[in-house]
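Asks: Submitted below is the structure of interest, expressed as structure tokens.
What follows is calculated from the coordinates using simple rules that are stated; it is not laboratory data. Keep in mind that what you see is a predicted model, and the values were worked out from it rather than measured. For neighbour counting, all protein chains shown are included, and Cβ atoms are generated from backbone atoms with ideal geometry for every residue, glycine included.
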Amino acid sequence: MSTPTATDGRVVVRVRDQVNRTLAGHDGREYTSPPHHRTDALILVALLLGRPAHTDGNDDERNSWSCPLAGGQRTITLNPVGGEPRPASERAR
């Protein structure tokens, strides 16, 4: 996994919309953004959530959000550039 020093603290935003196939005609969509600095990535997260992307305010910054959408759920994660998605136990806070 890449370290913040090696990636200059940049992250990618990964979005997964899981929806009811009967309602939507498909199982959902996935999107991975180009690399962003964390501040810019949080702006994108807020747009995708339709609300501010609050962080914990602790030293451990929040890296995962979810919200309902018509017929399903949207999950958004921030991952270090070149990194693999972190286990849910590390992401959800």
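Asks: Taking H as built 1.01 Å from N, whose amide H comes closer than 5 Å to the amide H of Arg10, not counting residues under 5 places away?
Replies: HN-HN under 5 Å from Arg10: Val81.
Asks: Out of residues 5 or more away from Ala53 or on other chains, whose amide H comes under 5 Å of its own, with H placed 1.01 Å from N in the peptide plane?
Replies: For Ala53, the qualifying residues are Ala46.
Asks: Let me ask something else. 7 Å from Cα along Cα→Cβ at both Gln18 and Leu69: what's the point-to-point distance in nm?
Replies: Rounded to a tenth, the inter-label distance reads 1.4 nm.
Asks: Taking θ as phi - 60°, what are the ³J(HN,Hα) couplings along the stretch 28-37 by the Karplus curve (6.51, -1.76, 1.60), each to the nearest whole Hz, with x for Gly and Pro?
Replies: Values per residue, Gly and Pro as x: x, 9, 10, 9, 10, 6, x, x, 9, 5 Hz.
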